[in-house]
Amino acid sequence: MKGHIRERGPNRFAIVLDIRDPSTGKRKRKWHSFRGTKREAQIECARLISTMNGGTYLEPDKTTLAAYLERWLEHIKPNVATLTHERYCDLARKNIVPLLGATILSKLQMVQVSAAYAKALKSGRRNGKGGLSPRTVHHMHRVLKQALAQAMRWNLIVRNPADIQKKDRPKIDKKPVATIDPATTMQTIEAARQSRLLVPLLLGSMGGLRRGEIAAIRWKSLDLDRAQAAVVASIEQTKAGCREKETKGSKCRTIALPSILIDELKAWRVQQAQELLRLGIRPDGETRVVTWPDGSSLQPRSLTHAIAAFMKGQGQAVRLHGLRHSHASHLLAENVHPKVVQERLGHSSIAITMDIYSHVMPNMQTDAAAKVDAALRSAKQSA
């Protein structure tokens, strides 16, 4: 395997590789453009010869990162949730492509990726008013890294230029989600008693359901006599509209319901039935628990906005998802085992539960230390 360089202009070189076609034995040449000093061009020529000898050589390809990302987005579409795919598309097209899209995929370097993240943090907003949040840039990094990992599997690149060290990625400061204590929870429920938001508030704060699960749950999934609810579906709202799908992570679960919630659900079932019968609609097990007055389903985003407006009117900064966090915090504060909390919330692992609610753990540690101390002192006195 041979190669040489040809000067084309100031700091511009052509790297010419001489190879033989394995099937015909005829001599062929591969041309690579290079910008830099003559010494750098010689080093790059040597590297390319080494990759050809080692079997890791890639043909010159003019595909840009922007073009490749479109191919990748189409490839993953059948394998992810619709809402997830929409998020990937937004991050790729609106955030990554403006910074790196014109770069040739095979020539993308780690230093360019790091520089793009720094620029996004400083001036990444499309309206020109400052930079993106560290969390958004972190999501950009995850999408780019995943896309380039697929490019490696397709033998389009040799290494992943987005595989940068953790210390070089945007640092995310975890902000605890706003929650409310049990007393405030009950005050909020009483304030919502004459509102159609009462049941969503109850399901979020006493059942720990996600907004899509609240919008999707049907009466057939509730066993009010046994005080149980089967959380088996969720409403996903995308640009194309709403659709019912499996719960997050396809993890169905059965949760026990407190008696306060059972009483409220029984009263609401009677009230809802009366509303629907006046419209000529006969409710059954397929009827959703939370609906508009005409029996139609709620959109998850509309439910979120309505709850946020209501809570703001109560002087609270808690959103609908914050009620779910409040429910978990209440359980952990009462020394309910984190495994039970994980199962109620539908987390895929207890590690996620422990990480999210680590701010509650110091109280649990204090209680645990006090119990150990009491047990040891009792044993000492008995000895």
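Let me spell it out: the conditions are (1) crowded, with 19+ Cβ neighbours inside 10 Å; (2) within 26 Å of residue 342 (Cα to Cα); (3) under 19 Å from the mean Cα position of the chain (by Cα), and residue 143 meets all of them except one. Which number is the exception? Going through (1) crowded, with 19+ Cβ neighbours inside 10 Å; (2) within 26 Å of residue 342 (Cα to Cα); (3) under 19 Å from the mean Cα position of the chain (by Cα) one by one, residue 143 breaks only (2). Cβ separations smaller than 6 Å between residues 6+ apart or across chains give the following pairs from the stretch 282-302 residues that are on the phi < 0 side of the Ramachandran plot to residues that are aliphatic (A, V, I, L, M) and not in a loop (DSSP other than H, G, I, E, B): 283/273; 283/276; 290/199; 290/214; 298/215; 300/215; 300/235. Within the stretch 114-135, the set of residues being crowded, with 19+ Cβ neighbours inside 10 Å and out of contact with any His (no Cβ under 8 Å at 6 or more places or on another chain) comprises 116, 120, 124, 132. Residues in the stretch 102-111 that are modelled with pLDDT of 90 or more and either surrounded by 16 or more Cβ atoms within 10 Å (Cβ to Cβ) or aromatic (Phe, Trp, Tyr) (or both): 103, 105, 108.
For first residues located in the stretch 121-144 and over 17 Å from residue 164 (Cα atoms), partners that are in a loop (DSSP other than H, G, I, E, B) and among the aliphatic types (A, V, I, L, M) and lie 6+ apart or on another chain with Cβ distances below 7 Å form the pairs 124/132; 125/132. Yes or no: residue 246 surrounded by 15 or more Cβ atoms within 10 Å (Cβ to Cβ) and assigned by TED's automatic domain parsing to the domain that holds residue 203? No; evaluated as a whole, the condition is false for this residue. Here the helices (runs of 4 or more DSSP H) wholly within the stretch 251-355 that include at least 1 residues being at pLDDT 90 or above and among the β-branched types (Val, Ile, Thr) are 259-278, 300-313, 338-345. Is it the case that the stretch 212-226 has a residue that's out of contact with any Pro (no Cβ under 7 Å at 6 or more places or on another chain), surrounded by fewer than 18 Cβ atoms within 10 Å (Cβ to Cβ) and on the phi > 0 side of the Ramachandran plot? So far as the stretch 212-226 goes, no, none of its residues is out of contact with any Pro (no Cβ under 7 Å at 6 or more places or on another chain), surrounded by fewer than 18 Cβ atoms within 10 Å (Cβ to Cβ) and on the phi > 0 side of the Ramachandran plot. Residue check: is residue 261 within 20 Å of residue 331 (Cα to Cα) and either outside the structural domain of residue 303 (by TED's automatic domain parsing) or not polar (S, T, N, Q) (or both)? Here the answer is yes, as residue 261 does meet what is asked.
Residue 44 meets all of the listed conditions (1) more than 28 Å from residue 236 (Cα to Cα); (2) acidic (Asp, Glu); (3) loosely packed, with under 14 Cβ neighbours inside 10 Å but one, namely (3). Of all residues in the stretch 148-206 being of a type in the set (S, T, N, Q) and closer than 30 Å to residue 51 by Cβ, which is surrounded by the most Cβ atoms within 10 Å (Cβ to Cβ)? Top of the filtered list is 160. Tell me whether the stretch 233-252 contains one or more residues that are in contact (Cβ under 8 Å) with a residue 60 or more places away in the chain, of a type in the set (Gly, Ala, Ser) and at positive phi. The answer is yes, given that some residue of the stretch 233-252 is in contact (Cβ under 8 Å) with a residue 60 or more places away in the chain, of a type in the set (Gly, Ala, Ser) and at positive phi.
Of a type outside the set (S, T, N, Q), modelled with pLDDT under 75, part of a helix (DSSP H, G or I) and not assigned by TED's automatic domain parsing to the domain that holds residue 246: is that true of residue 371 in this structure? Yes, satisfied. Applying a threshold of 9 Å to beta carbon distances and a minimum spacing of six or more residues, or different chains, the list of pairs starting in the stretch 156-179 at a residue that is under 23 Å from residue 92 (Cβ atoms) and ending at one that is of a type in the set (Phe, Trp, Tyr) reads 156/68; 158/57; 164/117; 168/117; 169/117; 170/117. The number of residues in the stretch 5-34 being modelled with pLDDT of 85 or more, loosely packed, with under 13 Cβ neighbours inside 10 Å and either of a type in the set (D, E, K, R) or touching a His at 6+ places or on another chain (Cβ under 7 Å) (or both) comes to 3.
The residues in the stretch 56-110 that are without any contact (Cβ under 8 Å) to a residue 24 or more places away in the chain and closer than 26 Å to residue 16 by Cβ can be counted, and the count is 2. Listed by first and then second residue, the pairs linking a residue in the stretch 267-280 that is surrounded by 11 or more Cβ atoms within 10 Å (Cβ to Cβ) to a residue that is of a type in the set (A, V, I, L, M, F, W, C), with Cβ atoms under 7 Å apart and 6 or more places separating them unless they lie on different chains, are 268/199; 269/219.
The values are calculated or read from the model by the stated rules, or taken from the named source; none is laboratory data. What you are looking at is a predicted structure, and each value in this text was computed from that prediction instead of being measured. Note: ideal-geometry Cβ built from the backbone for every residue, glycine included; neighbour counts use all protein chains shown.
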